[in-house]
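Laboratory data are not the source of any read-out in this text; all were calculated from the coordinates shown. Keep in mind it's a predicted model, so treat the numbers as computed, not measured. In this analysis, Cβ positions are derived from the backbone assuming ideal geometry, glycine residues included, and neighbour counts consider all displayed protein chains.
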Amino acid sequence: MYAGGGNGTVAQGLAAVEVAPIEGRAGWLVRNALRDRLEESGAASSSKRYLLQIKLDDRLEGLGLLSDDTIGRERRTLRARYQLVDNATGDVVLDATAGSDAGIDVVSSEYATIAAEQTALENLAHDVADRIVTRLTLQLHQGS
């Protein structure tokens with residue numbers, strides 16, 4: 001799959017993917033993680049053959065009620081619906097989803113809980129970006 005290293009078909013295909021802007025903080029995190037991974041894959045391409053369009057669903061829900069009716073645990077989920085579009089033809093080459101979730105302990109310090117929620121979002125963004133790049137790699141390998 002990675003034959004040829006940075007000059008291989010898959011690496012060149014990944015480098016030719018432009019990531020469209022994604023709404024929100026989670027979108028900013030996912031887009032930056034994707035751009036880092038795609039640019040690492042091969043030589044930067046001035047002409048982008050593909051456009052990656054992503055819609056995110058970021059949810060934070062309370063779980064585990066304590067005896068005093070407060071939430072003791074939260075679950076953060078990040079789901080991405082994405083399409084890889086060929087810029088030359090306008091055809092959708094890939095239409096898929098990726099997602100990940102994390103559990104967060106709610107502690108007495110509100111600051112610590114907010115920091116844990118933000119860290120969870122950052123980690124989820126990196127995980128979702130990794131899943132998307134893996135799926136793109138498989139798609140580009142099959143297409144070569």
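Before moving on, here are some points about what is shown:
- Using θ = phi - 60° and Karplus 6.51 cos²θ - 1.76 cosθ + 1.60, couplings along the stretch 62-70 (whole Hz; Gly, Pro as x): x, 10, x, 6, 8, 4, 9, 6, 9
- Charges were assigned to the Cβ only: +1 to each Lys and Arg, -1 to each Asp and Glu. The resulting dipole of the stretch 5-143 about its Cα centre is roughly 540 debye.
- Most mobile of SER108, SER100, SER47 in a GNM of the chain (Cα contacts under 10 Å): SER108
- Across the chain, Cα pairs under 8 Å and at least six residues apart give a relative contact order of 24 percent.
- The phi-based Karplus calculation (6.51 cos²θ - 1.76 cosθ + 1.60; θ = phi - 60°) puts the 3J(HN,Hα) values of the stretch 50-58 at 10, 10, 9, 10, 9, 10, 10, 10, 10 Hz, whole numbers, x for Gly and Pro.
- Structure remark: mean-square fluctuation, Gaussian network model of the chain, C-alpha springs under 10 Å; the largest value among ILE54, ILE22, ILE114 belongs to ILE114.
- Nonlocal amide H pairs with LEU94, under 5 Å, H built at 1.01 Å: LEU84
- Viscosity 1.306 mPa s, 10 °C: Kirkwood-radius Stokes-Einstein D of the chain over Cα pairs, µm²/s: 96
- Annotation: amide H-H contacts under 5 Å for LYS48 (H modelled 1.01 Å from N, sequence separation of 5 or more, or interchain): none.
- Under Karplus coefficients 6.51, -1.76 and 1.60, residue-wise ³J(HN,Hα) of the stretch 74-80 in Hz, glycine/proline x: 10, 10, 10, 10, 10, 10, 10
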